[in-house]
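The values are calculated or read from the model by the stated rules, or taken from the named source; none is laboratory data. Keep in mind that this is a model prediction, so the values were computed, not measured. All accessible areas refer to the heavy atoms of the entire protein, side chains included, with ligands and DNA or RNA removed. Shrake-Rupley method; radii C 1.70, N 1.55, O 1.52, S 1.80 Å.
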Amino acid sequence: MTEVWRNWAGNQEARPVRVLRPGSTAEVAEVVTDAARAGRRVKAVGAGHSFSAAAVAPDVQLRLDRLDGLRSVDPDSGLVTVGAGMPLWKLSPLLAAHGLAMEIMGDIDRQTVSGAISTGTHGSGRRFGGIATQVRALRLVLADGSDVRCSADERPELFEAARVGLGALGVLTEVTLQCVPQFALHARDTALPLAETLGRLDELVEHNAHFEFFWFPHSTTTLTRRFERLPDGTPLKPLGALSRRVDEAVSNIGFEGLCRLGTRVPSLVPPITRLAARAMSAREWTDLSPRVFASSREVRFHEGEFAIPREHAIDALEEIRRWVDTHDEAVSFPLEVRFAAPDDIWLSTAQGRESCYIAFHQYHRMPYERYFRACEEILGGFGGRPHWGKMHTLDAQALRPRYPRFDDFVALRDALDPTGVFANRYLDRVLGLAPRATPVTAEGAARAA
């Protein structure tokens with residue numbers, strides 16, 4: 001019997017029939033071909049940091065940790081090709097050795113490159129898109145076992161869809177990223193009243209390269225976070241080793257203890273969150289971008305996140321605040337609010353519109369269903385699109401009108417994988433069932449792509 005796989009949050013698990021660790025694209029193709037012939041489904045899994053069931057493997061689980069090499073680097077153009085299983089935390093120092101960096105990163109770096117782009121992972125900054133907007137080419141294995149490449153010039157339709165492909169179109173084996181010259185970030189954390197943050201929101205978003213904020217429900221305080229980009233060679237003033245250890249201890253060990261206390265005595269959660277909000281202190285530092293963008297997150301939680309048009313950000317947050325204030329719901333984790341530029345990727349949550357991302361969390365030992373459902377309904381009322389790697393209850397019928405290219409994506413999925421080799425229950429729900437027809441041929445796949 002194979003081992004039980006669980007994701008980081010512990011809310012998803014799989015008992016695959018087989019667990020394989022291919023070391024090359026050819027090995028991936030062989031596994032996919034054999035599975036299709038046997039009528040089994042295949043799912044690739046990265047670091048397990050998705051809260052959704054997108055990577056849950058019903059039959060064959062592919063772990064891509066052996067596909068984690070640096071394939072090529074061109075320091076002049078900034079084009080870098082890596083194995084799809086490359087973790088972001090491992091990629092950053094490899095890029096730095098060549099004087100390069102990723103243009104934007106999210107607030108954690110534990111994901112693999114393929115997992116991050118396939119689920120639409122993003123950072124914050126109104127002039128910057130998600131990580132998938134940095135992709136310039138992909139190599140993937142299709143359901144018939146064929147090894148294909150795509151870019152803006154080669155199989156462009158497949159490229160437009162596969163940059164945020166949910167694992168539905170094939171198994172990614174290589175990713176080419178457009179990187180930028182290494183740069184530093186000046187970071188400034190400041191606690192502000194919620195009313196001031198919302199009142200100055202446009203100013204804060206417009207006048208900072210990267211802006212985001214956290215707000216603890218049950219409190220009236222936000223932690224605002226502003227990053228300014230500085231050229232390589234700027235004198236660095238990083239957080240000291242002691243300061244970083246103290247910060248990590250407070251934000252992880254200390255917060256874990258408070259969350260456990262709130263789990264045992266839910267009535268203490270509101271004062272605990274107000275205490276946590278007051279404990280957020282102002283600080284400034286300058287460091288290389290990967291060490292500023294990403295931070296350590298050790299306290300386990302459940303998370304949902306929706307992207308709404310930026311112009312609705314204040315109204316949406318006010319509705320969530322009113323719901324929390326009028327319901328007996330102990331919410332121990334903050335809301336995280338970020339911003340991103342529009343893009344043209346078919347299933348990107350920022351497709352065609354400047355977006356505000358509102359993420360809602362709950363400590364993993366506490367009930368979350370009612371609060372998450374309320375946030376989903378409120379943000380859905382503003383045209384919210386759920387982050388593909390986070391928790392939501394929407395199905396294909398609800399998602400279709402929120403994505404102009406939704407039907408195009410599903411049609412391409414059906415052409416490339418008509419027997420559902422890459423399907424699972426999550427994809428069946430959010431995309432609709434694959435037709436389960438005659439296996440696609442290499443020639444048919446090439447025409448579809």
**In sequence order, calculated HN-Hα J values of segment 162-168 (Karplus, 6.51, -1.76, 1.60; Hz; x Gly/Pro)** = 6, 4, 10, x, 6, x, 8
**Item:** Mean Cα-pair separation over length for the chain, i.e. relative contact order, pairs under 8 Å, 6 or more apart, %
**Value:** 18 percent
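Which order do Arg278, Arg425 take when ranked by solvent-accessible area (1.4 Å probe, heavy atoms of all protein chains), largest first?
Greatest to least solvent exposure: Arg425, Arg278.
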**Request:** Please report the relative contact order for segment 338-397, taking Cα pairs under 8 Å with a sequence separation of at least 6, and give it as a percent rounded to a whole number.
**Result:** 24 percent
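Roll a 1.4 angstrom probe over the protein heavy atoms and tell me the percent of accessible area of the chain that is carbon or sulfur.
Within the chain, the accessible surface is 52 percent carbon and sulfur.
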**Complete:** Here segment 405-418 yields Karplus 3J(HN,Hα) values (6.51, -1.76, 1.60; θ = phi - 60°; whole Hz; Gly and Pro given as x) of 9, 4, 5, 5, 5, 5, 5, 5, 4, 5, 6, 7, 9, x
**Request:** Return a whole-number percent for the relative contact order of segment 306-380, with Cα pairs under 8 Å and 6 or more residues apart as the contact set.
**Result:** 41 percent
**Request:** Enumerate the amide H contacts of Ala191 below 5 Å, restricted to partners 5 or more residues apart or on another chain; note that Pro and chain-start residues carry no placed amide H.
**Result:** Thr224, Ala282
**Message:** Looking only at segment 1-120, where both bridge partners belong to it, what percent of the DSSP beta bridges are antiparallel (to the nearest 5)?
**Reply:** 50 percent
**Prompt:** Want the number for Arg400 to Ser281: 0.36 nm per residue separation, take away the alpha-carbon distance, what's left?
**Reply:** 38.6 nm
**Complete:** Counting only protein heavy atoms and rolling a 1.4 Å probe, one gets per residue an accessible area for the chain in Å² of 40 Å²
**Prompt:** Considering only segment 289-448, what is the antiparallel percent among its DSSP beta bridges, to the nearest 5?
**Reply:** 95 percent
